[in-house]
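Working notes, structure below.
The values are calculated or read from the model by the stated rules, or taken from the named source; none is laboratory data. These numbers were taken from a predicted model, which means no experiment stands behind them. Positions of Cβ are backbone-derived with ideal geometry, glycine not excepted, and every protein chain shown enters the neighbour counts.
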Amino acid sequence: MSPSHIAYYISSHGYGHATRAIQLCHSFLGAYDDIKITIVSQASSQVFLPLLNTSERVNLRPVNIDSAVIQPTPYTLDVNKTVKNFLDLNRDDVVKQEEGWLKSHDIDLVLVDAPYAPCIAASRAGVLSILITNFSFAEVFSYFTSMVGEDEEPLLSKAVDEAVKGYSHADIWLRLPGWLPNPGFLSVTLPSSGWVSDELLQVPTDGAVIPEYSLSRPKFQRKIIDTPLITRPATTTSRADLLKILGIPAFLQTHKILLLLLPLPDPPPQIPSDWICVVAGSTPTMLLPDRYFIAPGDIHIPDVMKISSCVMAKLGYGTVSEVLAADVPLVYIPRRQFVEEYGLRNLVETFSGYENRAERLEIEEFEKGYWWWMVTELAGREKTGAPGGPVDDGDAIRRIVIRELEHWKTSSEL
């Protein structure tokens, strides 16, 4: 039996939370004719328009459920402002507000990606809550404890402890690939900076789930379920049509394509003779040299990836999942202030069939425009390894959700 009304809480930080959640929503809407979904998020409504425009059974409720992460550039964080926002969030007010809303709107399933306050609200409302994510903000903010001043460190540590307790109210964690250990489900020692050694992730847990049982339904055993990589699939749009949309003239249509998902440095570097560069997600202010093209703002990025010879981007879940699904090489710019990076780096290095197809380019090299050598070398590498690992368009994860909802309903009868 499907849920009648899902509340989907989606973090406003980063595009990846929204794109993967939207993909799962499409799966639910396609499978059940009478289901309703309310998205609860402070992310821009523009992000959700493709979903909202497809069905009257989806609505957006813009509520502040988590704190903003401040990024001066796509690959750097303002740690002090980000921590201040985290400390200023009135968690108790959010929980009280959402508990009342869940009860008054007959919500029978809460999905969360990935703030912690909704987990507490769902628990107090007696509604099953399923966390669907590769990381939690407990790890993220714990990572900042060595980066803040002595006055802020105790306050931050206390707030992280509250986040850990918040995540312990979630009943199930659907653990996406590229994961970091969530201390609300696994026994781990914080701060999370201790999980990284020589820029390699070392997962410090024995895998036992704690607490073992749901805080709102003591007969229901909490669990972690590993899932396939959920991502937006490419459409059936042809290469010829995509090149036309991108405005690439006929005499350049046999050139290799670099898809750049970062702001161009000024001045942009000279392009090798057999390449073109498509810039997406930002509009450069400088005059562009020949063979640089700006993608329309509404273009479906997985479509461009499928015709590209290489992608250059920061290391975020949305980009990583779509690059792996498209099986296209990746040059990534590191975000060392953000601990999620290390789980995603491990993912691109170990994903079946993608071995040796991702390389890191340091920020300084990118900003100086010294990157075409790596792009051309990586694109020319011979593929190795078995066929690509499992990728999900939402259907596999939807089936897991429905199965666990049935278990939840059964446990209430015991």
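A few notes on this one:
Residue-by-condition table, conditions (1) outside the structural domain of C119 (by TED's automatic domain parsing); (2) under 30 Å from E364 (Cβ atoms); (3) touching a residue at least 24 places away in the same chain (Cβ under 8 Å):
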site	(1), (2), (3)
A21	no, no, yes
H26	no, no, yes
Y32	no, no, yes
Q46	no, no, no
L52	no, no, no
P72	no, yes, no
T82	no, yes, yes
F86	no, yes, yes
D93	no, no, no
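- Residue check for I363: touching a residue at least 60 places away in the same chain (Cβ under 8 Å) and in the same structural domain as Y75 (by TED's automatic domain parsing): no
- Residue within the stretch 91-105 that is out of contact with any Cys (no Cβ under 7 Å at 6 or more places or on another chain), charged (D, E, K, R) and within 14 Å of R61 (Cβ to Cβ) present: yes
- First in the stretch 112-135 and under 14 Å from R20 (Cα atoms), second anywhere and assigned to a helix (DSSP H, G or I) and aliphatic (A, V, I, L, M), Cβ under 6 Å, 6 or more apart: D113/A21
- Count - residues of the stretch 226-245 that are in a helix (DSSP H, G or I) and of a type in the set (A, V, I, L, M, F, W, C): 4
- Matching residues in the stretch 150-175 - criterion: being free of Cβ contacts under 8 Å to residues at least 12 places away in the same chain and either outside the structural domain of I400 (by TED's automatic domain parsing) or not in a helix (DSSP H, G or I) (or both): E150, D151
- Residue match in the stretch 323-342 (condition: surrounded by fewer than 22 Cβ atoms within 10 Å (Cβ to Cβ), farther than 25 Å from G281 by Cα and outside the structural domain of L77 (by TED's automatic domain parsing)): no
- Among the residues of the stretch 211-236, the ones that are in contact with a strand residue (DSSP E or B) (Cβ under 7 Å, 6 or more places away or on another chain), farther than 28 Å from A326 by Cα and surrounded by 13 or more Cβ atoms within 10 Å (Cβ to Cβ) come to 5 in all.
- Segments classed as strands (runs of 3 or more DSSP E), wholly inside the stretch 246-353, with at least 1 members that are at pLDDT 95 or above and farther than 30 Å from V79 by Cα: 256-260, 275-279, 292-294, 310-314
- Residue within the stretch 310-317 that is buried (at least 21 other Cβ atoms within 10 Å of the Cβ) and among the basic types (K, R) present: yes
- Residues (buried (at least 18 other Cβ atoms within 10 Å of the Cβ) and either out of contact with any helix residue (DSSP H, G or I) (no Cβ under 7 Å at 6 or more places or on another chain) or under 18 Å from L77 (Cα atoms) (or both)) located in the stretch 116-130: S123
- The residues listed here are Q71, Q42; of these, the one that is touching a helix residue (DSSP H, G or I) at 6+ places or on another chain (Cβ under 9 Å) and surrounded by 16 or more Cβ atoms within 10 Å (Cβ to Cβ) is Q71.
- Of the residues contained in the stretch 243-252, none is found to be in contact with a His (Cβ under 8 Å, 6 or more places away or on another chain) and surrounded by fewer than 17 Cβ atoms within 10 Å (Cβ to Cβ).
- Exactly one residue out of S192, S197 is in the same structural domain as F48 (by TED's automatic domain parsing), polar (S, T, N, Q) and touching a residue at least 24 places away in the same chain (Cβ under 8 Å): that is S192.
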